[in-house]
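What follows is a single structure, written as structure tokens, with notes after it.
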Amino acid sequence: MAVVALVKCESYDYSEVKAAVERGLDLIGGCEQFLKVGERLLLKPNLLAPASPEECVTTHPAVFKAVGEVLASRGAQLIYGDSPAMSSPFNAARKSGVYQAGQELGLEMADFKEGIKISFPEGKQHKSFILARGVVESDGIISISKMKTHGLTRLTGAVKNQFGCIPGVLKGEFHAKLPELDDFATMLVDLNLLIRPRLYVMDGIMAMEGNGPRGGRPRKMNVLLFSADPVALDATVCRMLGVKPDDVPTIKIGQKNGLGQYAEDSLRLVGDPLDTFVTSDFAIARGGLVSNFKSKRLRNIIVPRPAIIDAKCIQCGICVNMCPVSPKAVKWEGEEKKNTPVYNYDRCIRCYCCQEMCPEGAIEIVTPLVGRLFNHFKP
Ligand code: SF4
Ligand code: SF4
């Protein structure tokens, strides 16, 4: 039976967060089970991009610090890191406050720039990965994710958090190589099976709804979640937000491939009751199609696509740089950085990297009319 602890925590006041972290770890059986004294453990927060804690793009520093302080008090040697899709790990850590929290705990940042190839013959789809050196050189991973929506996978949660263990721009190559959503999710599950974090903590005190994982709105959810099973944890979040776990491919494929389990009778919830966190109006894709179509014609009329809101665009060009396909599916027309970039939907694989990284929240995911009708009438 997978165990997921839900702990109410209504603010980022450090003493409240620390007490909630202590309680959550006790509820799942105590943190001693996740470490041996003297082991070098890597804390893996979500540092998607340089953003302040109030923007809810990144794991809040109070949660990061509380988890680190509790584990360090039990004898773990801690390092930390993540690899943002753009910008340097240091910039993202400093802007998010995680760097300062790490300084307060006396922690060093791990190397997330250099990659090391690790073979993984057991992988269902991927037989090797290039992982950040900091991941490879640690004895174990503690994953500290942020509760957020995601254009491609609906939810960026405990499973998706490990994508940051792949350094820098290599992440974009996976989108280009694996345009089908289920293939991409299978890769994420393989990655988790290789890394096997020991413990998953999710910061859902302030979540992100809407145009996540970077351009959405903060949403107070008042919860921290704890589990050794990322599939069970993400499925619990789905039930909280009114999403069917089956509709999130990393959950469905995660169970199928042995990463965890999510059937309601195979997991035990402990701590504060799930009902007290359930919301029906969290802005997240519920019925919307997230799958891909091989036919460009069908894809263009059914599958949700990125669209730029001209009034919000500052012509920074990040979307153009991030687009992983060649030739680019979003590019400048006319003089560079003078006008809003333009999409070529025939080339677009719907990876939503552009939407994910737009610093202004200027890219929305729009479902065409036929796609909306298709969703409405599908069984
Ligand atoms: S990333 Fe966003 S703000 Fe920058 S050019 Fe693209 S749409 Fe405009
Ligand atoms: S335009 Fe955006 S969604 Fe389409 S392939 Fe490029 S990055 Fe992905």
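The values are calculated or read from the model by the stated rules, or taken from the named source; none is laboratory data. In this text the structure is predicted, and so the values were computed from the model without any measurement. Using ideal geometry, Cβ is built from the backbone for each residue, glycine included, and neighbour counts are taken over all protein chains shown. Only protein heavy atoms, including side chains, enter the accessible area calculation; ligands, DNA and RNA are left aside. Shrake-Rupley method; radii C 1.70, N 1.55, O 1.52, S 1.80 Å.
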query = When you go through (1) more than 19 Å from the chain's Cα centre (by Cα); (2) more than 22 Å from Cys351 (Cβ to Cβ) one by one for Ile144, which number turns out not to apply?
reply = (1)
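Results for (1) open to solvent by 10 Å² or more (accessible area, probe 1.4 Å); (2) touching a residue at least 12 places away in the same chain (Cβ under 8 Å), shown as yes or no for each residue.
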| position | (1), (2) |
| --- | --- |
| Asp139 | yes, yes |
| Ile144 | no, yes |
| Met147 | no, yes |
| Gly151 | yes, yes |
| Val159 | no, yes |
| Gln162 | no, yes |
| Leu170 | yes, yes |
| Lys177 | yes, no |
query = Does at least one position in the stretch 242-254 carry a residue that is surrounded by fewer than 19 Cβ atoms within 10 Å (Cβ to Cβ), more than 16 Å from ligand 1 (Cβ to nearest atom), part of a loop (DSSP other than H, G, I, E, B) and not assigned by TED's automatic domain parsing to the domain that holds Cys348?
reply = yes
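Is it fair to say Ser73 is under 29 Å from Gly216 (Cα atoms) and assigned by TED's automatic domain parsing to the domain that holds Gly242?
Numbers: under 29 Å from Gly216 (Cα atoms): no; assigned by TED's automatic domain parsing to the domain that holds Gly242: yes.
Against the criterion (under 29 Å from Gly216 (Cα atoms) and assigned by TED's automatic domain parsing to the domain that holds Gly242), Ser73 does not qualify.
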Extreme residue, farthest from ligand 2 (Cβ to nearest atom), among residues of the stretch 339-356 that are outside any loop (DSSP other than H, G, I, E, B) and under 19 Å from Lys177 (Cα atoms) = Glu356
request  = Could you check how many residues of the stretch 313-338 are within 12 Å of ligand 1 (Cβ to nearest atom), assigned to a loop (DSSP other than H, G, I, E, B) and among the hydrophobic types (A, V, I, L, M, F, W, C)?
outcome  = 5
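Quick grid of which residues meet (1) touching a Gly at 6+ places or on another chain (Cβ under 7 Å); (2) surrounded by 24 or more Cβ atoms within 10 Å (Cβ to Cβ); (3) at pLDDT 95 or above:
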site: Val4; (1), (2), (3): no, yes, yes
site: Val21; (1), (2), (3): no, yes, yes
site: Asp26; (1), (2), (3): no, no, yes
site: Glu32; (1), (2), (3): no, no, no
site: Leu43; (1), (2), (3): yes, yes, yes
site: Thr59; (1), (2), (3): no, yes, yes
site: Ala66; (1), (2), (3): no, yes, yes
site: Val70; (1), (2), (3): no, no, yes
message = For the stretch 282-295, check the following and say yes or no: at least one residue is assigned to a strand (DSSP E or B), at pLDDT 95 or above and of a type in the set (A, V, I, L, M, F, W, C).
response = no
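Where in the stretch 20-124 are the helices (runs of 4 or more DSSP H), entirely inside, with at least 1 residues that are touching a residue at least 60 places away in the same chain (Cβ under 8 Å) and within 23 Å of Ile166 (Cα to Cα)? Quick ask: steps written out before the conclusion?
Values: elements: 61-73, 89-96, 98-105.
Fully inside the stretch 20-124 and qualifying: 61-73.
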ask   = Which condition does Gly38 not pass, out of (1) surrounded by 22 or more Cβ atoms within 10 Å (Cβ to Cβ); (2) in contact with a Gly (Cβ under 7 Å, 6 or more places away or on another chain); (3) of a type outside the set (A, V, I, L, M, F, W, C), if it passes all the others?
value = (1)
In the stretch 350-368, residue farthest from Ile284 (Cα to Cα) [restricted to those that are of a type in the set (D, E, K, R) and open to solvent by 30 Å² or more (accessible area, probe 1.4 Å)] = Glu360
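Considering only the stretch 90-105, state which residues are open to solvent by 40 Å² or more (accessible area, probe 1.4 Å) and either touching a Pro at 6+ places or on another chain (Cβ under 9 Å) or closer than 30 Å to Asn222 by Cβ (or both). Give the derivation first.
Our first condition is that a residue be open to solvent by 40 Å² or more (accessible area, probe 1.4 Å); within the stretch 90-105, this holds for 90-91, 94-95, 99-100, 103-105.
Those that are open to solvent by 40 Å² or more (accessible area, probe 1.4 Å) and either touching a Pro at 6+ places or on another chain (Cβ under 9 Å) or closer than 30 Å to Asn222 by Cβ (or both): Asn91, Arg94, Lys95, Tyr99, Gln100, Gln103, Glu104, Leu105.
Restricting the search to the stretch 335-349, which residues are open to solvent by 20 Å² or more (accessible area, probe 1.4 Å) and touching a residue at least 40 places away in the same chain (Cβ under 8 Å)?
Start the filter on the stretch 335-349 by keeping residues that are open to solvent by 20 Å² or more (accessible area, probe 1.4 Å), which leaves 335-340, 342-347, 349.
The answer is Tyr345, Asp346, Ile349.
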remark   = Here the residues within the stretch 231-265 that are of a type in the set (A, V, I, L, M) and touching a residue at least 24 places away in the same chain (Cβ under 8 Å) are Val231, Ala232, Leu233, Ala235, Val237, Met240, Leu241, Val243, Val248, Ile251, Ile253, Leu259
query = For the stretch 303-334, what are the residues that are more than 10 Å from ligand 2 (Cβ to nearest atom), without any contact (Cβ under 8 Å) to a residue 24 or more places away in the chain and open to solvent by less than 50 Å² (accessible area, probe 1.4 Å)?
reply = Trp332
task = Kindly indicate whether any position in the stretch 269-282 is within 16 Å of ligand 2 (Cβ to nearest atom) and either at negative phi or buried (at least 19 other Cβ atoms within 10 Å of the Cβ) (or both).
result = no
